[in-house]
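Heads up, the thing below is written out as structure tokens.
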Amino acid sequence: MTIESVDENTDGDFAKYVEKLHQLSEGSVHKRFDPYVDIDWNSPELAVFANDERWILPESADPLTNGDWYRSLPKEKQIAIGMWRQANVAKVGLQFEQILINGMLNYIQTLPNGSPEFRYCTHEIIEEGNHTLMFQEMVNRVGMNVPGGSPYMKVFSPLFPLAGRLMPLVFFVGVLAGEEPIDHIQKSILRSGEEIHPIMANVMRIHVAEEARHISFAHEFLEHHIKELNTANRLALSIAFPIVMRVLCDFIAVPPPQFWATFDIPKSVKRELFWDHPKSQQTLRNYFADVRMLAEKAGLMNPVSKRIWKLMGIDGKQSRYRSEPNRAEAVLLKSA
């Protein structure tokens with residue numbers, strides 16, 4: 001059904017959903033970016049050089065900065081770790097976007113003519129393609145030969161897109177599981193007020209701006225289609241929801257084995273930072289405040305699923321609105 005064919009006889013909730021998709025699609029037309037137009041990669045300001053302290057990770061914006069380990073390192077090593085970490089986050093983002101593109105292509109092949117989801121999803125696929133170009137250009141400019149995701153992510157990545165055709169609700173839960181942590185990390189860095197390298201700043205601003213649409217669509221899609229589930233399937237999804245969030249979060253947020261080996265970091269430090277340290281545990285919970293709100297609105301919070309959220313270590317306060325800053329929690333983190 002096209003937006004033009006929605007009239008007074010159409011279900012009101014569906015009409016609102018179609019209108020929201022139309023707004024998101026129009027946003028993709030009128031508020032879009034091109035990484036090779038909007039970023040001057042050859043500008044002297046974006047040059048990458050040794051011992052640039054702007055690569056030091058902003059405090060409380062990354063689990064690696066929790067505790068005393070990172071700040072106790074010599075500046076040179078903080079810079080090297082920061083460069084490696086930021087380049088690898090970009091590489092993981094690239095790999096995740098590729099999975100998302102393949103899954104969305106699988107999904108839109110199932111859609112009928114006139115579906116408003118087809119147009120929006122195709123816009124998003126184009127934007128995600130630009131993001132892969134942008135992330136890879138950043139990795140190339142930083143000059144770190146980073147692998148991106150963990151070996152497990154690479155093994156299972158050919159399978160994930162199949163969910164776009166076979167289990168679209170689970171697929172879009174997985175989409176949020178990847179998008180929300182990256183979006184949270186990047187917003188935290190931009191909001192930190194600390195000086196960061198201009199390459200990072202440019203890439204993050206573009207990604208955060210367009211990712212707002214992509215995350216908004218995933219929220220709208222899930223909230224709309226979950227209403228169509230019967231009781232048994234809704235219960236099953238409510239249980240799967242926090243598990244998918246937690247598992248894919250580790251694929252996205254935890255550095256791969258090469259990182260720990262490259263910088264000779266003890267396993268005890270890895271365990272503390274991901275996710276034993278109290279500040280890291282709070283960081284993990286903060287990633288999913290928005291999706292906890294979504295789960296509540298979609299009727300996926302029940303006594304069983306709430307226990308799973310807690311077991312996964314990602315329970316906590318829900319956002320009142322999307323991208324609500326964790327002001328109270330930020331104060332607690334700084335005082336910890």
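Here are the numbers:
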read-out: Expected 222 nm ellipticity per residue - DSSP helices of 4 or more, -39500 (n - 2.57), all of the chain, to 500; value: -21000 deg cm²/dmol
read-out: Out-of-range pairs (alpha-carbon distance over 24 Å; input LYS227/LYS306; LYS16/LYS306; LYS91/LYS297; LYS187/LYS227; LYS187/LYS317; LYS75/LYS270); value: LYS16/LYS306; LYS91/LYS297; LYS187/LYS227
read-out: List HIS184, HIS214, ordered by accessible area with a 1.4 Å probe, largest first; value: HIS184, HIS214
read-out: In nm, spacing of pseudo-spin labels at ILE239 and LYS154 (7 Å Cα→C-beta vector); value: 3.4 nm
read-out: Separation in nanometres of the label points that stand 7 Å from Cα toward Cβ, at LYS227 and HIS30; value: 2.6 nm
read-out: Selected from ALA232, PRO198, TYR321, residue furthest toward positive end of dipole (the chain; charges at beta carbon); value: ALA232
read-out: Added length on full extension, which subtracts the Cα-Cα distance from 0.36 nm per residue, ALA15 to LEU166; value: 51.8 nm
read-out: Solvent-accessible area of MET293 with every protein chain in place, 1.4 Å probe, in Å² to the nearest 10; value: 20 Å²
read-out: Cα-centred dipole magnitude for segment 178-336, charges only on beta-carbon of K, R (+1) and D, E (-1), debye, nearest 20; value: 540 debye
read-out: Two-decimal ratio, the chain, of alpha-carbon radius of gyration to 2.2 N^0.38 Å; value: 1.00
read-out: Stretchable slack from PHE49 to ALA261, in nm (0.36 nm times residue separation minus alpha-carbon distance); value: 74.0 nm
read-out: The chain, dipole about Cα centre (Lys/Arg Cβ +1, Asp/Glu Cβ -1), debye to the nearest 20; value: 1280 debye
read-out: Under the span-like rule (Cα at least 24 Å along the axis, Kyte-Doolittle mean at least 0.5), DSSP H helices of the chain; value: 168-191, 231-253
read-out: Anchor LYS267: aspartates and glutamates whose Cα lies under 17 Å away (excluding residues fewer than 8 positions away in-chain); value: ASP68, ASP250, ASP276
read-out: Those GluC sites (Glu not before Pro) in segment 172-231 that DSSP places in a loop and that have at most 16 other beta carbons within 10 Å; value: GLU194, GLU195, GLU228
read-out: Solvent-accessible area, 1.4 Å probe, carbon plus sulfur percent, for the chain; value: 55 percent
read-out: Estimated dipole of segment 247-316 in Debye, rounded to 20 [Cβ of Lys and Arg +1, of Asp and Glu -1, Cα centre]; value: 220 debye
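The values are calculated or read from the model by the stated rules, or taken from the named source; none is laboratory data. These numbers were taken from a predicted model, which means no experiment stands behind them. Don't worry about glycine lacking a Cβ; one is built from the backbone with ideal geometry, like all the others, and counts go over all protein chains shown. Heavy atoms of the whole protein, side chains included, go into the accessibility calculation; ligands, DNA and RNA do not. Shrake-Rupley method; radii C 1.70, N 1.55, O 1.52, S 1.80 Å.
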